[in-house]
Each structure stands twice: as structure tokens, then as C-alpha cells.
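This report concerns only the one structure given below.
Just so it is clear, none of the values below were taken in a lab; they were calculated from the coordinates. All of these numbers come straight from a predicted model, not from anything done at the bench. Here the Cβ is made from the backbone with ideal geometry for all residues, glycine too, and neighbour counts use every protein chain on show.
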Ligand code: OAD
């Protein structure tokens, strides 16, 4: 079975109603990364950090996967599919995709501040000061903050190196190390980039840019790859 590797970013969830980070209406226009998404922020004002992620998590309980997430599931009929996502939402899971690697953590999980191996599923949206792990330490969002290592990146590199087809959907490709993953894909491998605002990309061989929203571009590409439609 051919291996399809898909790298997704906030853009694939935009049509579900989840805000992207950059761009005119992006989250980082209203919040400063240093104040809500960094270890220093957590030290300075953990309540504010929890509140920021509580709002994101609350919203996640109210939205659903869109046509882009759903179309990717169909690829599993014919291909070995691995999704590497920068997203902390669970919309790929809820759409039904099987193999998902979260590079930047997961909003619906919390983890211990003394033992990073202690990770807990959150059944409801609020995570509060005083919510503790079984060793008695405060729980934090299970999110990779700016300035922190990305533990899953080595696994991601191994996955992309073996891609027969590589698809990038809805990411501005500015946050490293995720943005560097495409450089590990072999030159011969066909690559697709689906993003309505994609700029020209230089130095990447065999790249097809599809300037459409995920909800339209992904189902079309999936049909094409399944040998059913025309692009
Ligand atoms: P960005 O907000 O940086 O980029 C979103 C991309 O999605 C842009 O290129 C948009 O053009 C595109 N886009 C918007 N609507 C779309 C649609 N309907 N269909 C397809 N594409 C669409 O988000 P990311 O690249 O995911 O990290 O951001 C990377 C990381 O930066 C995030 O994981 C997060 C953030 O800070 C952390 O919080 C650690």
C-alpha cells in the first residue's frame, strides 16, 4: 500500500469555526503569545493561561469536523495514511481518521507539572487552579508552548521520510520544527499544498499548489487520488 502523509494546520479547522492563529482575524492578533502560550506565562500568571485554553477547549466542544477532515478519512480505503497535525483540536479523530500524530499537543488533555508522563483526558472544558495530578501537582494544558521542545518531531521526521505522497493543508509553515518537515520528503515524492492564500514556494520539487479552502480542495484532491475524479 502506498503511504500518504498529511501535514495539517489551523486552516483545515477554519471552516469548522476554529480560528487560525495568523492572518487578519487570527488568534495572535488578540493575544500575546508570551502572555498565554509560553512557560514564562505559566510561571507569571497560570490562571490567565488556563483561562485562554479553557476558552479554546470550550469552543472545541461546540464545533464539528468539516468536509476537509471527513474527506481525508476516505483515503484510508486505498492508502496507508498518516496525519501529522499541528492542531490541538480533535477534529481529525472525530472525523474518523486512524493515524494521527499531534505535534503541538491536545486541547482535551491535561498533564502533570512534575511528571510529563502523567496525561489525563478532560471530559469537560474547564481546567482550574487546584486541579491536580495523582502526585498532587497542578495540572497544565497538554500543549507544546513556545520555547518548549516538540517531543513528537523525531517520529514525524521518520514518517515523512517514507512518504509516497505528501499533502500539506492549511498551515502558514512559519512555526518550526513543523515547517521544516517538508524538507525531509524525497524530491521524487508528489507533494500537494492546499491553502487559499498559498504563496509561491521555491526549492520544493514536485509540488502542486491548490489555492482553495480545505472544505473544497481536500475532497477534490481525495477523489483524484482515489482515481475517481478530475482535478
Ligand atoms: P496559521 O494561522 O499560522 O496559518 C493558517 C493557514 O491556514 C494560513 O496559511 C491560511 O491561509 C490557511 N487557511 C485559512 N483558512 C483556510 C481554509 N478554509 N482552508 C485551508 N487553509 C486555510 O496556523 P498554523 O500554520 O497551523 O502553535 O500555525 C502553526 C502553529 O502556530 C500552531 O500549531 C500554533 C500556532 O502558534 C502553538 O500554539 C504551539
- Message: Based only on other Cβ atoms within 10 Å, what is the fewest-to-most ordering of 85, 171, 208?
- Response: 208, 171, 85
- Counting DSSP beta bridges with both partners in the chain, what percentage is antiparallel, nearest 5? 30
- Message: Neighbour counts of other C-beta atoms within 10 Å: give me 53, 176, 184 arranged from fewest to most.
- Response: 176, 184, 53
- Message: With angles folded into 0 to 90 degrees, how steeply does helix 214-225 sit against the dominant principal axis of the chain? Use alpha carbons for both and round to 10.
- Response: 40
- Task: Tally the DSSP beta bridges in the range 1-127 and give the antiparallel ones as a percent, rounded to 5.
- Result: 25
- So what does the Cα-only Debye profile of the range 82-231 read at q = 0.11, 0.14, 0.17, 0.21 Å⁻¹, as log10 I(q)/I(0), no solvent term? -0.52, -0.79, -1.05, -1.41
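Taking the Kirkwood radius as the inverse of the mean 1/r across Cα pairs, report the Rg/Rh of the range 29-87.
1.17
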- Message: Once you place label points 7 Å from the Cα toward the Cβ at residue 2 and residue 149, how far apart are they in nm?
- Response: 3.6
- Task: Quickly estimate the mean residue ellipticity at 222 nm for the chain, helices only: each DSSP H run with n ≥ 4 gives -39500 (n - 2.57), and the total goes over all residues, rounded to 500.
- Result: -7500 deg cm²/dmol
- Which one of 27, 101, 91 has the biggest mean-square fluctuation once the chain is modelled by GNM with Cα springs under 10 Å? 27
- Taking the simple approach of a point 7 Å from Cα along Cα-to-Cβ for both residue 121 and residue 32, what is their distance in nm? 3.8
- Message: Compute and list, largest first, the equivalent-ellipsoid semi-axes of the range 1-150 from the alpha carbon gyration tensor, each √(5λ) rounded to a whole angstrom.
- Response: 28, 18, 14
- Query: Share of antiparallel DSSP beta bridges in the range 66-166, in percent to the nearest 5?
  - Reply: 75
- Note on the structure: Taking 20, 8 and counting other beta carbon atoms within 10 angstrom, the fewest-first order is 20, 8
- Inter-centroid distance (Cα atoms) of the range 4-43 relative to the range 172-229, Å: 20
- Message: Quick check of the Kirkwood formula: for the range 1-42, what is the inverse mean of 1/r over all pairs of different Cα atoms, in Å?
- Response: 12.4
